[in-house]
Amino acid sequence: MQDSFDITTLIFIVLAVFVVWRLRSVLGQKTGNEQPPFDPLARRDAPPVRPGAQKPDQDNNVVRLPGANGARPEPAVPPAERWKDYAEPGTPMANSLDEIARSEPSFEAGSFLEGAKAAYEMIVTAFAQGDRKTLKDLLSRDVYEGFERAITERERRGEKVETTFVSIDKAEMAGAEVQGRNAQIVVRFLSKLITATRDASGAVVDGSPDTVVDVTDVWTFSRSLGSRDPNWQLIATEAGQ
């Protein structure tokens, strides 16, 4: 009986080894259709690359700064209409915009104004919050020093500013100029804000936390044409009419 048990056990062991060997021989083969390992950082909206398909152009993932490759694509609209709704043809402002576009063909008035609106809201909010780091990246040295002095004086008095943007109703170019490689564009902002200044005790000493006010600001942005830094800096501010 002991011999029978040993023989039966041996048969099962041999069968088990055979099955494992067959499974390894099949599952271990590569057919060329295997999926790549899951990458949690990969873009999930990218289409899969089919075997034999042409690889996508790697330059599609490169953000080229204005003038970085030296290419000067043809404008999408005739030059006479390029600044339509922004500047009258033949005016000094239109001529300056032409000069900017000659140095940086990717320059577009509409995109610039959208960026200016974003910078306007960011700067006003950062000033109210006393966020010096954000301001330093967006302002020229002279303007930053003026803002920083105002923040320091406000902090010395123990005051805090509360500012809420209701809307930016309009942002329009009010002037443009190119001097050498330096370009300047003046933008007039029409906005609605709720702003109030409170003293150390929390009492309102300026403005109102419940009143929407119309604000007009005229800001001048500057940038060195051809620079690898795509950002425009705020170099002057004034209250508009």
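List of remarks:
- Computed from label points 7 Å out along Cα-Cβ, the spacing between GLU238 and THR125 is 2.9 nm.
- Pairwise Cα separations in segment 146-188 fall into 5 Å bins from 0 onward with the following percentages, short to long: 5, 14, 13, 11, 14, 17, 14, 8, 2.
- TRP219 contributes an accessible area of around 10 Å² to the protein surface, as traced by a 1.4 Å probe with all chains present.
- Rounded FRET efficiency, nearest 0.05, which uses the C-beta distance separating SER201 from SER222 and R0 of 30 Å: 0.15
- Debye-sum result for segment 200-241 in log10 I(q)/I(0), which assumes one identical scatterer on each alpha carbon, at q = 0.22, 0.28, 0.29, 0.32 Å⁻¹: -0.83, -0.97, -0.99, -1.07
- Accessible area in square angstrom per residue, segment 85-241, 1.4 angstrom probe: 55
- Computed from backbone phi with θ = phi - 60° and the Karplus coefficients 6.51, -1.76 and 1.60, the 3J(HN,Hα) list for segment 158-167 is x, 8, 10, 10, 10, 10, 10, 7, 8, 5 Hz; x is used for glycine and proline.
- Comparing Cα centroids, segment 215-230 and segment 181-210 end up 20 angstrom apart.
- With every protein chain in place, segment 97-241: carbon and sulfur % of accessible area (1.4 Å): 46
- Counting charges near ARG188 (Lys, Arg +1; Asp, Glu -1) among other residues having Cβ under 12 Å from its Cβ returns a value of -2.
- Fraction of the pair-distance distribution of segment 128-201 above 22 Å, Cα-Cα pairs, percent: 44
- Listed values for segment 217-231 are Karplus-derived 3J(HN,Hα) couplings in whole Hz (6.51 cos²θ - 1.76 cosθ + 1.60, θ = phi - 60°), namely 10, 10, 10, 10, 10, 9, 7, 7, 5, x, 5, 6, 7, x, 7, and x replaces Gly and Pro.
- Surrounding net charge for TRP83, when Lys and Arg each add one and Asp and Glu each subtract one, Cβ distance under 11 Å: -3
- Sorting GLU104, GLU172 by accessible area puts them as GLU172, GLU104; the probe is 1.4 Å, largest comes first, and only protein heavy atoms count.
- Probe 1.4 Å, all protein chains present, accessible-area order of MET173, MET122, largest first: MET122, MET173
- Top positive-direction residue, dipole computed over segment 96-191 with Cβ charges, set ALA174, GLY158, LEU190: GLY158
- Projecting label points 7 angstrom from Cα along Cα→Cβ for GLU99 and GLU155 puts them 4.0 nm apart.
- Other residues with beta-carbon under 14 Å from the beta-carbon of GLN233 carry, at +1 per Lys or Arg and -1 per Asp or Glu, a net charge of -1.
The values are calculated or read from the model by the stated rules, or taken from the named source; none is laboratory data. All of these numbers come straight from a predicted model, not from anything done at the bench. A quick note on method: Cβ atoms are made from the backbone with ideal geometry, for glycine too, and the neighbour counts reach across all protein chains shown. In case anyone asks, the SASA skips ligands and DNA or RNA and just uses the protein heavy atoms, side chains included. Shrake-Rupley method; radii C 1.70, N 1.55, O 1.52, S 1.80 Å.
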